[in-house]
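The values are calculated or read from the model by the stated rules, or taken from the named source; none is laboratory data. Remember, predicted model here, so these are calculated numbers, not experimental data. Because the Cβ atoms are built from the backbone with ideal geometry, glycine has one as well, and the counts that use them run over all protein chains shown. Just the protein is used for accessible areas: all its heavy atoms, side chains included, with ligands, DNA and RNA removed. Shrake-Rupley method; radii C 1.70, N 1.55, O 1.52, S 1.80 Å.
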Amino acid sequence: MANFLKRLELQGFKSFANKTVLEFPSRVTAIVGPNGSGKSNVIDALRWVLGEREAKHLRGDTIGNLIFAGTPKKSSAGFARVALYFDNSHKTFPFDSPEVMLIRKVDRSGVSQFFWHDEEVRLRDLLPILARARLGSRGLTMIGQGQSDIFVRSSAEDRRMMIEEILGLREFRLKKNQSERQLDSSRVNMEKVQAMLAELTPHLRFLRKQKGRFDKRSEIEEKLRALENTYFSFRHGSLITAIEKASVPISQLEKEKIEKEKEVLIFEKKLKEIDAKAYDVKSLNEIREKIRLLLAERATIDKSLARGEARLELAVSKSVAAAHSQKELLDFIQDISLEIKSLLNFENLEKIKTALSLRLENIEALLKKEKKSAGDELEKEVKDWRVKLEAVEKNVEALRDEEEKMLLGQQKMNQEFRAQIEALEGRKNNLRLVEEKLQREIFEKEKIGLKLEELNREWFSLGRDLAELKTIPVSGEMIDSPEAERKMMRLRGELAAIGEIDEGMVKEAEESESRYEFLSRELTDLHKATTDLRVLIKDLEERIHNDFKNAFKSINEEFNKYFRLMFGGGRAHLKLKKYSPPAEEKNNEIEGEVVEKKYAPTEAEKEEAEQKAGIEIDLTVPKKKISSLEMLSGGEKTLVSLAALFALISVSPPPFLVLDEVDAALDEENARRFADLIKEFSKKTQFVIVTHNRATMEAADILYGVTMGDDGVSKVLSLKLDTVSSNS
Ligand code: ATP
């Protein structure tokens with residue numbers, strides 16, 4: 001059978017200042033040496049590397065005392081290091097390597113570290129692995145100096161722990177304890193979470209309501225927004241289309257207006273041309289002045305002529321009066337004056353001229369008769385005047401012709417001017433009509449523009465962006481505007497009824513909701529965890545209980561056997577401590593008297609009590625009446641403890657046992673018996689024993705001698721016992 005414990009290295013640990021190696025090639029290793037040489041320090045090193053935390057179990061006040069303190073001849077060490085090598089061919093530890101090294105180190109700052117080989121491991125993770133390998137630093141697997149009676153000395157509960165450890169149940173016990181701690185902390189956490197939920201719920205209810213209102217508000221706002229979009233984009237689109245439509249006639253009319261304006265300009269130009277050609281009033285007036293002057297000249301000539309003629313007449317009349325009666329002349333003059341009167345009514349100059357010529361001839365004819373009597377000079381004078389008169393009249397006539405021509409031309413031009421003005425007016429009228437029409441169209445367009453502006457204002461007043469309005473696709477469907485307006489009004493009313501909701505509150509609601517969800521999830525997880533833990537704890541309890549129960553009977557039998565062997569008879573028996581309910585339930589105090597209460601434990605309580613029950617020792621020693629364990633001697637207590645130890649290892653042998661001078665109190669016979677049992681059990685368990693006892697030494701396969709020199713440093717000498725025996 002391979003040895004589980006292979007090698008121990010100490011460096012700076014207690015009295016082992018130098019690196020010291022102890023190999024364990026055999027089943028039984030005995031460590032021997034004088035008092036105070038450092039044998040127990042080796043056991044302390046084993047205990048320490050296997051996770052012992054308390055200094056008192058390492059025979060020191062502080063962890064610092066574990067480091068070589070220095071002697072007058074040897075300076076102190078800065079750290080202590082212990083390495084323990086195990087055989088791992090049976091995969092006792094969860095590593096692939098056939099050999100496993102566990103190291104513990106501590107320095108003077110108090111930093112303590114564990115390593116699997118080079119990899120650091122936390123004690124919390126290490127302990128379950130050691131427990132699974134059934135390696136403990138206390139109890140029966142590692143009995144320290146002066147603890148040989150430990151089984152008897154311990155409490156019923158500790159005895160149970162010792163048994164459980166040897167049975168390999170410590171792993172489950174640790175797991176159970178850990179699960180119970182987890183369960184406790186889960187319960188505490190659950191209570192905390194429940195309290196937090198209870199605190200959160202009323203406020204959350206309020207926040208949920210606010211959130212509900214906010215959601216409702218958002219929903220309405222969304223509806224309203226969609227409706228506004230449809231309504232405004234439709235109206236906007238319609239107005240834009242209307243403006244575009246209205247622009248068509250306007251641009252046509254504008255073109256038309258330009259045409260008409262051009263026409264008006266053309267006609268105005270023509271009119272100006274005509275106007276420029278219009279008669280020259282100055283020339284006409286000049287002609288008229290000339291005519292007036294000529295007429296005045298004619299009047300003068302006429303007067304001169306009349307005077308000449310009158311003188312001639314007079315001259316003639318004198319001769320005529322001689323030839324003609326007065327009556328004839330008067331009649332003649334009468335006729336002439338009548339004729340002149342009638343001539344005055346004549347307008348026509350020609351007729352006047354003709355009548356005057358005729359009368360002149362009559363007069364000349366009359367006068368001819370007397371001419372000879374009138375002077376030639378007068379006659380010539382009259383004739384000259386007549387020529388002059390004729391010339392003047394000719395001139396007048398010519399001027400009159402010119403005047404008439406001018407007047408005719410003026411008349412014609414006036415007609416043309418009028419016609420042109422009429423035509424111009426017609427064009428202007430056309431232009432005005434076009435302008436009026438254009439104005440009407442522009443006005444119509446402006447009206448639409450105003451409507452659009454109003455719509456934009458409305459949109460803007462809703463807090464919306466104008467640019468956005470243009471980007472909203474226009475609904476193809478016809479919108480019933482009044483209906484849409486009613487709907488919008490209703491939705492706005494609903495919004496007003498809901499009122500404003502603080503967004504911060506909504507954010508708080510969301511945060512609280514997620515916190516609530518988180519806590520609820522946490523609570524569910526904790527519920528599940530506690531349920532799982534309860535199941536696990538129950539399973540572990542059952543496992544511990546069943547394994548314990550199964551082994552307990554055999555242990556008892558073996559215990560009795562080894563007890564009888566060691567005491568040469570008698571009887572020993574381990575029994576489970578009876579159920580004892582908690583004191584406050586058991587007793588009921590009435591008026592200062594303690595009265596026993598009739599208490600009936602439940603089945604579950606009974607079961608729990610049995611699972612936790614401690615171990616009591618019941619024994620009978622031959623020839624003695626023992627009513628209490630305290631009555632036993634020190635050696636007897638050690639014997640009972642050793643009987644229990646051997647009973648346990650016979651039922652469930654641990655991988656190795658470390659016993660520090662447990663045989664010290666035994667008499668020779670019992671020491672021999674002890675040595676025999678060690679020999680016998682070494683087949684199942686490896687032993688490391690510190691002893692001063694020769695019989696025990698003889699049971700060992702290898703002896704290590706520990707010595708301490710002048711320098712206060714422990715040293716180890718290795719001696720194969722065979723060699724020692726053969727040498728001695
Ligand atoms: P016994 O047979 O009497 O039980 P022992 O061989 O078991 O003796 P230990 O108890 O192992 O002796 O060793 C005690 C010795 O170790 C003492 O001499 C003590 O001075 C020494 N020692 C303990 N701690 C330290 C330390 N930190 N530094 C140096 N030496 C130490």
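So here's what we get for this one:
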| read-out | value |
| --- | --- |
| Top-ranked residue of segment 144-164 - restricted to ones that are within 20 Å of Leu632 (Cα to Cα) and hydrophobic (A, V, I, L, M, F, W, C), ranked as farthest from the ligand (Cβ to nearest atom) | Ala156 |
| Residues (assigned to a helix (DSSP H, G or I) and closer than 16 Å to Lys637 by Cβ) located in segment 652-672 | Asn670, Ala671 |
| Flag if Ala310 is assigned to a helix (DSSP H, G or I) and more than 30 Å from Met505 (Cα to Cα) | yes |
| Positions within segment 19-36 being more than 12 Å from the ligand (Cβ to nearest atom), open to solvent by less than 60 Å² (accessible area, probe 1.4 Å) and in a loop (DSSP other than H, G, I, E, B), in sequence order | Phe24, Ser26, Arg27 |
| Residue list for segment 691-713, restricted to those being on the phi < 0 side of the Ramachandran plot, near the ligand (Cβ under 10 Å from one of its atoms) and either surrounded by fewer than 21 Cβ atoms within 10 Å (Cβ to Cβ) or not in a strand (DSSP E or B) (or both) | Thr691, His692, Thr707, Met708, Val713 |
| Search result, residues across segment 203-240 that are hydroxyl-bearing (Ser, Thr, Tyr), in contact with a helix residue (DSSP H, G or I) (Cβ under 8 Å, 6 or more places away or on another chain) and open to solvent by 30 Å² or more (accessible area, probe 1.4 Å) | Thr230 |
| Count - residues of segment 465-491 that are under 15 Å from Phe234 (Cβ atoms), assigned to a loop (DSSP other than H, G, I, E, B) and within 36 Å of the chain's Cα centre (by Cα) | 4 |
| Boolean, Ser89 is within 11 Å of the ligand (Cβ to nearest atom) and hydroxyl-bearing (Ser, Thr, Tyr) | no |
| Meets criteria (of a type outside the set (A, V, I, L, M, F, W, C) and more than 52 Å from the chain's Cα centre (by Cα)) for Gly110 | no |
| Pro94 free of Cβ contacts under 8 Å to residues at least 60 places away in the same chain and either of a type outside the set (Gly, Ala, Ser) or within 25 Å of Leu174 (Cβ to Cβ) (or both) | yes |
| Residue count, segment 50-66 (criterion: near the ligand (Cβ under 8 Å from one of its atoms) and open to solvent by 50 Å² or more (accessible area, probe 1.4 Å)) | 2 |
| Matching entry among Lys73, Lys39, Lys14 (being farther than 30 Å from Phe681 by Cα and buried (at least 16 other Cβ atoms within 10 Å of the Cβ)) | Lys14 |
| Sole residue being in contact (Cβ under 8 Å) with a residue 24 or more places away in the chain and open to solvent by less than 20 Å² (accessible area, probe 1.4 Å), chosen from Leu200, Leu169, Leu174 | Leu169 |
| Only listed residue being modelled with pLDDT of 90 or more and in contact with a strand residue (DSSP E or B) (Cβ under 9 Å, 6 or more places away or on another chain), chosen from Ala699, Ala671, Ala695 | Ala699 |
| Ala246 vs. criteria over 29 Å from Ala551 (Cβ atoms) and either open to solvent by 30 Å² or more (accessible area, probe 1.4 Å) or hydroxyl-bearing (Ser, Thr, Tyr) (or both) | no |
| The lone exception for Met413 - which of (1) over 55 Å from the mean Cα position of the chain (by Cα); (2) open to solvent by 70 Å² or more (accessible area, probe 1.4 Å) it fails | (2) |
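Rundown of residues vs (1) within 16 Å of the ligand (Cβ to nearest atom); (2) open to solvent by 40 Å² or more (accessible area, probe 1.4 Å); (3) basic (Lys, Arg), yes/no style:
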| site | (1), (2), (3) |
| --- | --- |
| Val658 | yes, no, no |
| Asp663 | yes, no, no |
| Asn670 | no, no, no |
| Lys679 | no, yes, yes |
| Ile689 | yes, no, no |
| Leu717 | yes, yes, no |
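Let's see how each residue does on (1) free of Cβ contacts under 8 Å to residues at least 60 places away in the same chain; (2) closer than 30 Å to Ala398 by Cα:
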| site | (1), (2) |
| --- | --- |
| His236 | no, no |
| Leu239 | no, no |
| Glu261 | no, no |
| Lys282 | yes, yes |
| Lys290 | no, yes |
